[in-house]
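Worksheet: the structure to be examined is printed underneath.
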Amino acid sequence: MLEVWGRRNSSNVIPVMWAVGELGIPHRRHDVGGSFGGLDTPDYKAMNPNARVPTIKDEGFVLWESNAIIRYLARRYGQGGLLPDDEQQIALADQWLEWCKTTPYPDFIGVFWGIVRTKPDQRKPQMIKARLAAWIKQLQLLDRHLADRAFVVGDRLSMADIPLGAMAYRYFNLPIQRPDFPGLAAWYQRLTERPAFQQHAMIPFGRNPAEWQRLEREGAAG
């Protein structure tokens, strides 16, 4: 059975668990990280010396880094599912996985932490404003790409959609000003109709650190 280490509401665990759900992989998830702790234990660091989440173990094979895990699961379990149909489509999916991590993700995290994970009296409005402007500019590119496509690569959900879709849930649910992105919004609406997305990505996160931690503990068993 596949084992996944990482708390359910982690930005990097969510896409992995969504991929697991889409692929229907029998699994067991262990709550570690955040308010659960457990990352600095010898056993965990023996699997993942970075002491971060997520980490998986699949029949004795250990792997960390969320996008690497998504690629692995798609290749091992996703024939006809999350893995695109040919090598060029796989390469395009890899392209968008890389783009997500290197381009919009840092500004997304800056906004998310600046609002949700920071106490209101300690927030830095100018920093949040700057990171949000950069994030929106990057999402404009994705919106244009999705203008005439149902999914990021090809005509069905693939591994390319997973990290971007997980980020999109938070984009559409943060208390921020959002421009009109019709391609992005239509794609996101399609994602929200998927049971695995509903279960693993549409996780309430609150509006401040106290709400975040309460919801983290309440949602542990999900």
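The values are calculated or read from the model by the stated rules, or taken from the named source; none is laboratory data. All values derive from a computational prediction rather than experimental measurement. Note that we place each Cβ from the backbone using ideal geometry, even for glycine, and neighbour counts take in every protein chain shown. To get the accessible areas, we keep the full protein, side chains included, count just its heavy atoms, and leave off ligands, DNA and RNA. Shrake-Rupley method; radii C 1.70, N 1.55, O 1.52, S 1.80 Å.
Given a 1.4 Å probe and the protein chains all in place, what does the accessible area of Ser158 round to, in Å² to the nearest 10?
Looks like 0 Å² after rounding.
Please report the carbon-and-sulfur percent of the accessible area for the range 1-134; probe 1.4 Å, protein heavy atoms only, DNA, RNA and ligands left out.
For the range 1-134, the apolar C and S fraction of the accessible surface comes to 51 percent.
Can you give the three extents of the C-alpha atoms in the range 154-207 along their principal axes, from longest to shortest, in whole Å?
On the principal axes, the range 154-207 reaches 33, 25, 17 Å in Cα extent.
Taking +1 at the Cβ of each Lys and Arg and -1 at the Cβ of each Asp and Glu, which of Gly110, Val4, Leu139 sits farthest along the dipole of the chain towards its positive end, judged by Cα position relative to the Cα centre?
Farthest along the dipole direction, towards plus: Gly110.
Per residue, what volume in Å³ does the Cα convex hull of the range 4-75 take up?
Looking at the range 4-75, the number lands at 80 Å³ per residue.
222 nm [θ] for the chain, helices only, -39500 (n - 2.57) per DSSP H run of 4+, per residue, to 500?
The helix-only estimate for the chain comes to -16000 deg cm²/dmol at 222 nm.
Going by a ≥ b ≥ c, the root eigenvalues of the Cα gyration tensor, does the range 72-138 fall in the rounded group (a/c under 1.5), the prolate group (a/b larger than b/c) or the oblate group?
Since a/c reaches 1.5 and a/b is larger than b/c, the shape of the range 72-138 is classed as prolate.
Taking the C-alpha atoms of the chain, how large are the radius of gyration and the largest Cα-Cα span, Dmax, in Å?
17.1, 51
Please calculate how many Å² of accessible area the range 3-76 carries per residue, with a 1.4 Å probe and no DNA, RNA or ligand atoms counted.
Result: 43 Å² of accessible area for each residue.
Springs between alpha-carbon pairs under 10 angstrom, Gaussian network model over the chain: which of Met202, Met127, Met159 fluctuates most?
Fluctuation is largest for Met127.
Protein chains only, probe 1.4 Å: how do Glu216, Glu211, Glu193 rank by accessible area, largest first?
Greatest to least solvent exposure: Glu193, Glu211, Glu216.
Pop out the ³J(HN,Hα) list for the range 62-79 in order, Karplus 6.51 cos²θ - 1.76 cosθ + 1.60 with θ = phi - 60°, rounded to Hz; leave Gly and Pro as x.
9, 8, 10, 6, 4, 5, 5, 5, 4, 4, 4, 5, 5, 6, 7, 10, x, 4
Between Ala210 and Asp86, take the C-beta separation as r, use R0 = 41 Å, and let me know the FRET efficiency to the nearest 0.05.
0.25
If you restrict to DSSP beta bridges whose two residues both lie in the chain, what percentage is antiparallel, to the nearest 5?
Restricted to the chain, the bridges split so that about 60 percent are antiparallel.
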